[in-house]
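Novice: One structure, pasted below without further comment.
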Amino acid sequence: MKLVLASKNRKKLVEMNDILSHLGIEVCSEAEAGVDVEVEETGTTFEENSLLKARAVMEASGLPAIADDSGLCVDCLNGAPGVYSARYGGEGLDDAARYRLLLENMRGQMTRAAKFVSVITCCFPNGDVISARGECPGTIAYAPIGEGGFGYDPVFFVPELKKTFAQLSADEKNAISHRGKAIEAFQVKLEEYLHQ
Ligand code: IMP
């Protein structure tokens, strides 16, 4: 089975394939499906934005489409950057500038609890929708550590492993990450759906 990933992020495509390939599911990019969809993420929840993206790509490609809407929610910032994680500080910033802004906005904060959230939604051409959520708790480090991953990985510290996401291998990250958990829950729902 082939699903189109509603995202331009190559690293998300690799992560999705790493996790779903053993189910015999191939996740292809929008480019491979011959579509290029710009979706305005106007929702205020991960669920809404994930659905908006998956539905738009399903409608454009005519194929089942899967979207992940994810982000980092920091307790002392009342859940920010949340659904605005990719746009935190404005469109002009790169990943490093965004996590530096986050550290700046948390300067002096001793309470550094945070969580990554991912909501995966798959829209089928017949109108069916499957959705699953995953969360990964952690804390925000005082300075970036590690070279791996993307986004806020260098500042997201996992106390149990005493490492940031950026210090984990892809397999280590997938085993505990919000996206790994959402995909795991999604897999269960997808298998039920396919065998109903
Ligand atoms: P989305 O593509 O709209 O879901 O944006 C999600 C944003 O949240 C990304 O651009 C990253 O800034 C951040 N994010 C989501 N998942 C991760 C992750 O696994 N590591 C680091 N940052 C992430």
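The values are calculated or read from the model by the stated rules, or taken from the named source; none is laboratory data. Everything numeric here is computed off the predicted structure, so don't read it as measured data. Every residue, glycine as well, gets a Cβ built from its backbone with ideal geometry; the counts of neighbours run over all protein chains shown. Only protein heavy atoms, including side chains, enter the accessible area calculation; ligands, DNA and RNA are left aside. Shrake-Rupley method; radii C 1.70, N 1.55, O 1.52, S 1.80 Å.
Condition check ((1) farther than 25 Å from residue 166 by Cβ; (2) in contact with a Cys (Cβ under 8 Å, 6 or more places away or on another chain)) across all residues:
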site: 42; (1), (2): yes, no
site: 60; (1), (2): yes, no
site: 65; (1), (2): yes, yes
site: 75; (1), (2): no, no
site: 101; (1), (2): no, no
site: 130; (1), (2): yes, yes
site: 133; (1), (2): no, no
site: 139; (1), (2): no, no
site: 144; (1), (2): no, no
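Novice: Residues of the range 49-61 being within 12 Å of the ligand (Cβ to nearest atom) and not aliphatic (A, V, I, L, M), which ones?
Specialist: 49, 50, 53
Novice: A further question follows. Among the numbered conditions (1) surrounded by 14 or more Cβ atoms within 10 Å (Cβ to Cβ); (2) farther than 25 Å from residue 27 by Cβ; (3) under 18 Å from the mean Cα position of the chain (by Cα), tell me where residue 103 comes up short.
Specialist: (3)
Novice: Given the criterion within 13 Å of the ligand (Cβ to nearest atom), among the acidic types (Asp, Glu), more than 14 Å from residue 46 (Cβ to Cβ) and outside any loop (DSSP other than H, G, I, E, B), identify the matching residue among 135, 104, 172.
Specialist: 172
Novice: If you go through the range 139-175 one residue at a time, how many are buried (at least 20 other Cβ atoms within 10 Å of the Cβ) and on the phi > 0 side of the Ramachandran plot?
Specialist: The number of residues fulfilling the criteria is 2.
Residues are listed down the side, and each one gets a yes or a no for (1) touching an Asp or Glu at 6+ places or on another chain (Cβ under 6 Å); (2) open to solvent by 80 Å² or more (accessible area, probe 1.4 Å):
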residue: 6; (1), (2): no, no
residue: 9; (1), (2): no, no
residue: 35; (1), (2): no, no
residue: 42; (1), (2): no, yes
residue: 50; (1), (2): yes, no
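Novice: Inside the range 64-84, can you point out the residues that are closer than 18 Å to residue 143 by Cα, of a type outside the set (Val, Ile, Thr) and in contact with a helix residue (DSSP H, G or I) (Cβ under 8 Å, 6 or more places away or on another chain)?
Specialist: Selection gives 72, 73, 77, 81.
Novice: Taking the condition of being open to solvent by 30 Å² or more (accessible area, probe 1.4 Å) and within 13 Å of the ligand (Cβ to nearest atom), how many residues in the range 176-193 meet it?
Specialist: 2
Novice: Being under 30 Å from residue 190 (Cα atoms) and either part of a helix (DSSP H, G or I) or among the hydrophobic types (A, V, I, L, M, F, W, C) (or both) is the filter here, so list the residues in the range 107-126 that pass it.
Specialist: 114, 116, 117, 119, 120, 122, 123, 124
Novice: Can you tell me which residues in the range 62-94 are away from the ligand (no atom under 13 Å from the Cβ) and assigned to a strand (DSSP E or B)?
Specialist: Scanning the range 62-94 gives a single hit, 65.
Novice: Take the residues in the range 16-31 that are without any contact (Cβ under 8 Å) to a residue 24 or more places away in the chain and not in a helix (DSSP H, G or I), then tell me which one is farthest from residue 134 (Cα to Cα).
Specialist: Step by step, filter the range 16-31, then rank; the result is 31.
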